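The values are calculated or read from the model by the stated rules, or taken from the named source; none is laboratory data. Because the structure is a prediction, the values reported are computed rather than measured. For neighbour counting, all protein chains shown are included, and Cβ atoms are generated from backbone atoms with ideal geometry for every residue, glycine included.
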Amino acid sequence: MKLRYRIAIRIIYWTWKLLFGFKIEGWENIPKKGGVIIAPNHLSNFDPPLVGAAVWFRECYLFTKQELFVINKFYTWLIKAFNAYEVNTKGLNKTALKHTEKLLKNGLAIMFFPEGTRSLSGHFLEFHPGVAWLALRCEVPVVPTLVKGTNTPLIKQFIRKEKVCVRFGKPVIYDSLLRDLSAGRQAKLPREARAIISKEVERRIKNLSVTNLPCPLLRQAKRDGDSRKVGN
C-alpha cells in the first residue's frame, strides 16, 4: 500500500469518525487478497474517499468519471490519492477498461459504482451491467456495498441526526452463482450471465439497506420487495 494512500485513508477515516460518527460494517466480507470489485450505491462526492477508507486493509483503485476531476483542486488531489483514474462515461473507453482489467487480473481491488452517477433523490437508480461484465471477464467476486447518509448536510452528520455508514455484504461469486442457477441446464450465455450477476448485486445492495436504516433507500427497498435476509 502506497504511503500517500495510507495517509489519505487515515485522514478521511478519523475525520469522519470523530466529527460525524462514521461507521463501517461487514468489512470482513471483503476478500483479503485477489482481484475484487467493490460495488457501492452512489449518493454524494464523499462516497469514493469514504468507501476507500472503509476498505482500510486493501488499496483500492477508483473507476471515476471525468467530471469529478474538475470540482476543485483539493478534491482532485483527494481522489487521486485514492488511485482514481479518469473514465469518459459518455462513450466506450477502451483504454480505461483495459486498465481496469489489468488491475483486477493483477489481484487488486477496484471500486465501481454500478449506478454510474449520484442519486440526487437518495433513492436507488438503475443499475448498469458494467460491474457484471468486468466480474465475468476477469473472473473476480463483487462485494455489494451500501453507502448511507453521505448525501445529508454535514451539520446533520455532525449532530448525529443522520448516521454515515458504509456496509459491506457477502461477495457475489460469479461461478458458484451461475452454477447454482444453471444446474441441469446448458451453461448461461454471456448476456444472460451478465444480467443475472447484475440483478444479484443490485438485490444484495438493496437488502443491505433494510437493516435498521430509516431512509429513502429503505422505503424503496420495501416497495421493490427486496426485504429478504442479507447474505442469501
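Whether any residue in the range 59-67 is farther than 17 Å from Leu103 by Cα, more than 14 Å from the chain's Cα centre (by Cα) and either among the acidic types (Asp, Glu) or exposed (fewer than 14 other Cβ atoms within 10 Å of the Cβ) (or both) is what I want to check. Yes, because at least one residue in the range 59-67 is farther than 17 Å from Leu103 by Cα, more than 14 Å from the chain's Cα centre (by Cα) and either among the acidic types (Asp, Glu) or exposed (fewer than 14 other Cβ atoms within 10 Å of the Cβ) (or both). As a summary of the residue check, Tyr61 satisfies the conditions (1) farther than 22 Å from Trp133 by Cα; (2) in contact with a Leu (Cβ under 6 Å, 6 or more places away or on another chain) except for the one numbered (1).
Meeting the requirement of 2 or more residues that are touching a residue at least 60 places away in the same chain (Cβ under 8 Å), the strands (runs of 3 or more DSSP E) wholly within the range 1-103 are 23-25, 36-40.
Checked against the criterion of being aliphatic (A, V, I, L, M), outside any strand (DSSP E or B), farther than 17 Å from Gly35 by Cα and in contact with a Phe, Trp or Tyr (Cβ under 8 Å, 6 or more places away or on another chain), the range 140-154 has at least one qualifying residue. Contact map, the range 184-205: first residue assigned to a loop (DSSP other than H, G, I, E, B), second residue modelled with pLDDT under 85 and of a type in the set (Val, Ile, Thr), Cβ cut-off under 9 Å, separation 6 or more or different chains; pairs are Lys188/Ile196.
Only a single criterion out of (1) touching a residue at least 40 places away in the same chain (Cβ under 8 Å); (2) under 15 Å from His42 (Cβ atoms); (3) not acidic (Asp, Glu) is not satisfied by Gly130, namely (1).
The set of residues in the range 2-16 being more than 24 Å from Lys170 (Cα to Cα) and not hydroxyl-bearing (Ser, Thr, Tyr) consists of Lys2, Leu3, Arg4, Arg6, Ile7, Ala8, Arg10, Ile11, Ile12, Trp14, Trp16. Looking across the range 137-149, the residues that are closer than 15 Å to Arg194 by Cα and touching a helix residue (DSSP H, G or I) at 6+ places or on another chain (Cβ under 6 Å) come down to Cys138, Val140, Val142. Taking every residue in the range 155-171 that is basic (Lys, Arg) and assigned to a loop (DSSP other than H, G, I, E, B) and pairing it with any residue that is modelled with pLDDT under 90 and surrounded by 14 or more Cβ atoms within 10 Å (Cβ to Cβ), at least 6 positions away or on another chain, the pairs with Cβ-Cβ distances below 7 Å are Arg160/Gly21; Lys163/Gly21; Lys163/Gly149.
The residue that is surrounded by the fewest Cβ atoms within 10 Å (Cβ to Cβ), counting only those in the range 110-136 that are under 18 Å from Ile197 (Cβ atoms) and among the small types (Gly, Ala, Ser), is Gly116. There is at least one residue in the range 34-42 that is touching a strand residue (DSSP E or B) at 6+ places or on another chain (Cβ under 8 Å), at pLDDT 85 or above, polar (S, T, N, Q) and within 22 Å of Phe124 (Cβ to Cβ).
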